[in-house]
1. Answer yes or no: is there a residue in the range 89-104 that is more than 30 Å from residue 551 (Cβ to Cβ) and either among the aliphatic types (A, V, I, L, M) or not in a helix (DSSP H, G or I) (or both).
2. Of the residues that sit in the range 164-182 and are touching a residue at least 60 places away in the same chain (Cβ under 8 Å) and assigned to a helix (DSSP H, G or I), which one is farthest from residue 369 (Cα to Cα)?
3. Before we move on, is residue 116 surrounded by 20 or more Cβ atoms within 10 Å (Cβ to Cβ), in contact with a Leu (Cβ under 9 Å, 6 or more places away or on another chain) and under 14 Å from residue 37 (Cα atoms)?
4. Would you say residue 578 is under 36 Å from the mean Cα position of the chain (by Cα), under 30 Å from residue 396 (Cα atoms) and surrounded by 17 or more Cβ atoms within 10 Å (Cβ to Cβ)?
5. Does residue 593 meet the test of being out of contact with any Cys (no Cβ under 6 Å at 6 or more places or on another chain), within 30 Å of residue 404 (Cα to Cα) and crowded, with 16+ Cβ neighbours inside 10 Å?
6. Does residue 414 satisfy the condition of being surrounded by 19 or more Cβ atoms within 10 Å (Cβ to Cβ), in contact (Cβ under 8 Å) with a residue 12 or more places away in the chain and not in a loop (DSSP other than H, G, I, E, B)?
7. Tell me which of these residue 75 doesn't satisfy, since it passes every other one: (1) touching a Phe, Trp or Tyr at 6+ places or on another chain (Cβ under 9 Å); (2) farther than 25 Å from residue 379 by Cα; (3) not in a helix (DSSP H, G or I).
8. Do we find a residue being surrounded by fewer than 20 Cβ atoms within 10 Å (Cβ to Cβ), among the hydrophobic types (A, V, I, L, M, F, W, C), outside any strand (DSSP E or B) and within 30 Å of the chain's Cα centre (by Cα) anywhere in the range 518-528?
Amino acid sequence: MTQSIYITSAEGHSGKSSVALGVLDALSRVTPRAGVFRPIARSTAERDYVLEMLLDHDSVDLAYDDCVGVTYDDVRDDADAALARIVERYKAVEAQCDAVVVIGSDYTDVGSPAELAYNARIAANLGAPVLLVLGGRAQQGHSETLGLSVARTPQEVGQIASLAISELQHERAALFAVIANRADADRLDEVVASVRHVVDTAVVDSAVAGGSAERRNVPVWALPEDRFLIAPSMRGVLRSVEGELIKGDPALLTREVLGVVVAGMSMVNVLPRLKESAVVVIPADRTEVLLAALLANASGTFPSLAGIVLNGGFELPDAIVRLIDGLGSPLPIIATDLGTYDTAVRIMNTRGRLAADSQHRYDTALALFERHVDTEQLTRELGVARPSVVTPLMFEYGLVDRARTDKRRIVLPEGSDDRVLRAAATVLARGIADLTILGEPIEVRGRAIELGIDIRDAEVLSPFDAVYVEKFATEYARLRAHKGVTHAQAADTVTDVSYFGTLMVHLGLADGMVSGAAHTTAHTIRPAFEIIKTAPGVSVVSSVFLMALADRVLVYGDCAVIPDPTSEQLADIAVSSAATAEQFGIDPRVAMLSYSTGESGTGADVEKVRSATALVRERAPELLVEGPIQYDAAADAAVARAKMPGSAVAGRATVFVFPDLNTGNNTYKAVQRSAGAVAIGPVLQGLNKPINDLSRGALVDDIVNTIAITAIQAQGSPATEAPAERSAS
């Protein structure tokens, strides 16, 4: 049976979209088919950006047009007919999903006190319990950067809750939970207590009025205000002033605007008035002020700006354009034909949008929700049970949850790569791991600020730091003395980021390392071979891919490291792969793959696999292993019954060990592309401490997943120094 939840509010600008994102994310952890539905679209002039953001979530596979009920015009013309249409269209979405998040209207039409009542009526007719979102701020018509948004007292939030709950009860809508959003961060407990009193009273009164003694404990949560979630982005400013990006990095348009500076005065008077993350409005004919703002932003001695808006419609002189190009500033410069007053007013009235293209906003919203809402209680109360299947997204969520249970420090050597910085911001915001990023601190933190992402909680360390270089050179020279490496040679070597990061792991200054976004596999793992070395009882370092299929996760090894393993190496790969599978919650049943099954074939390649299988049984007698076996017999129960009846592995294998790299690499890519599987890896195994390599084409999500995997591997590694002891001394 499909479970649904109707998210609505008593007014506009309550931050309902961020709550909807959090609920959808929580449901996606426990159900394979999540859906979203918008009963009343925000607008007919443009697509609903809230719905688009939720549809962009990895767990949702629905078309935009299928997820919209009606328009405000439809409701005004005939409310009853509109309701019937909403129910009809919702049922079509419900049929495709296990759980549906329904997002109520946004009060974007002419203000109507009956809007909450109509939302309650929709919820009752859909049979969806209501999650009521209360706004914790008053006067929310403008950006918080202007200080026009005032926190409501706990009593005021309680009064709004009382009125809203009465409206829901009048329309026979079931109250599921209440979230006070954008509440005063210093009074969250008081807000919850105030709303709790109102909710408990309403539940008791409703039970008495209905002649029932039953009473359900309605959850109440409060989320604090976060200025980044309501601040407009530079892209929002671009839209508001109907402007054009004429210079700068388009990627920086996602940065939040936390202030406005109108530069209607001379350069020397503008500079002291610059603010952190402000947008500076400059008349396009005041080129000296424009150049001063660009230089101030690049100098490091003035606040970092979000962008510049040139107003008035004047063309920049060619000489000024050449000068700007020579500066090479990535700061976005937007041109608009509007006058100074109209430009400033439009910027000040631009509201922040929670959209999928703003990773910082997205991560912040999810982190706030996870921190302040009991998501397990939410899904449990909603009646969403964990299914037996495990989708790729559910597996990825499991990785994140596992990593968070025992946070480890991971070093990221490639601090100059934007993907790494974006991934780092996500990891920090979601509490997945503690991070050390290698690079010059000013450059790394400066680029993060330009990108509008928050890595303040990361340690940023220069690989040329003299104290660390001396410490690492001494250790590396000791380790490589048998190769004739001198201290001077070691001092030169350890400034390479891969060696520097590996030595951090070796000496317990970090628990694991993730690299390879900008370096080759050899560059990433060669230092590990020299310094970390293999774990006891393991002769080779190998790799696996975690292959997340539609309903289960398999382990493929080795697909990235050893070209043509011997039978002894194959046995090592099998034992290591089984251990890796177990570490990630996969019950290991190992298939030693070949082109023949059982005793049906002969030849050197088959004998290698047969010998390897015997070695695995000798080294790990408790392990379920079968080989040689063909892929179809290992994966398909019907084929297994014909080719290898009675086997505990055939038809049920979870760990597939390929006879060589050529076969393994091509097979994982074939399954990835043809079956739509998500290939997570390569995950290196067999090292004393975890070092993992990225593809140079890795996406931000790939990097986040690899960091989580490395953190989980570190949880099972020998204990390292406690964080307080991690220093170069």
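1. Pass one, the range 89-104, residues more than 30 Å from residue 551 (Cβ to Cβ): 104.
Narrowing further to those that are either among the aliphatic types (A, V, I, L, M) or not in a helix (DSSP H, G or I) (or both): 104.
Checked against the condition, which is being more than 30 Å from residue 551 (Cβ to Cβ) and either among the aliphatic types (A, V, I, L, M) or not in a helix (DSSP H, G or I) (or both), the range 89-104 yields at least one hit.
2. Step one: of the range 164-182, the residues touching a residue at least 60 places away in the same chain (Cβ under 8 Å) are 164, 167, 173, 176-177, 179, 181-182.
Filter once more, so that each one left must be assigned to a helix (DSSP H, G or I): 164, 167.
Numbers: 164: 22, 167: 26 Å.
By that ranking, first place goes to 167.
3. Details: surrounded by 20 or more Cβ atoms within 10 Å (Cβ to Cβ): yes; in contact with a Leu (Cβ under 9 Å, 6 or more places away or on another chain): yes; under 14 Å from residue 37 (Cα atoms): no.
The answer is no for residue 116.
4. Values: under 36 Å from the mean Cα position of the chain (by Cα): yes; under 30 Å from residue 396 (Cα atoms): yes; surrounded by 17 or more Cβ atoms within 10 Å (Cβ to Cβ): yes.
Yes, satisfied.
5. Details: out of contact with any Cys (no Cβ under 6 Å at 6 or more places or on another chain): yes; within 30 Å of residue 404 (Cα to Cα): no; crowded, with 16+ Cβ neighbours inside 10 Å: yes.
Against the criterion (out of contact with any Cys (no Cβ under 6 Å at 6 or more places or on another chain), within 30 Å of residue 404 (Cα to Cα) and crowded, with 16+ Cβ neighbours inside 10 Å), residue 593 does not qualify.
6. Values: surrounded by 19 or more Cβ atoms within 10 Å (Cβ to Cβ): yes; in contact (Cβ under 8 Å) with a residue 12 or more places away in the chain: yes; not in a loop (DSSP other than H, G, I, E, B): no.
It is false that residue 414 is surrounded by 19 or more Cβ atoms within 10 Å (Cβ to Cβ), in contact (Cβ under 8 Å) with a residue 12 or more places away in the chain and not in a loop (DSSP other than H, G, I, E, B).
7. In the conditions (1) touching a Phe, Trp or Tyr at 6+ places or on another chain (Cβ under 9 Å); (2) farther than 25 Å from residue 379 by Cα; (3) not in a helix (DSSP H, G or I), residue 75 misses (3) alone.
8. Applying the first criterion (surrounded by fewer than 20 Cβ atoms within 10 Å (Cβ to Cβ)) to the range 518-528 yields 518-523, 526.
Imposing the further condition that a residue be among the hydrophobic types (A, V, I, L, M, F, W, C) reduces the set to 518, 522.
Then drop every residue that is not outside any strand (DSSP E or B), which leaves 518, 522.
Still in the list and also within 30 Å of the chain's Cα centre (by Cα): 518, 522.
Yes, the range 518-528 has at least one match.
The values are calculated or read from the model by the stated rules, or taken from the named source; none is laboratory data. Only a predicted model underlies this, so the values are computations on that prediction, with no experimental measurement involved. Ideal geometry is used to build each Cβ from the backbone, glycine not excepted, and the neighbour counts take in all protein chains shown. To get the accessible areas, we keep the full protein, side chains included, count just its heavy atoms, and leave off ligands, DNA and RNA. Shrake-Rupley method; radii C 1.70, N 1.55, O 1.52, S 1.80 Å.
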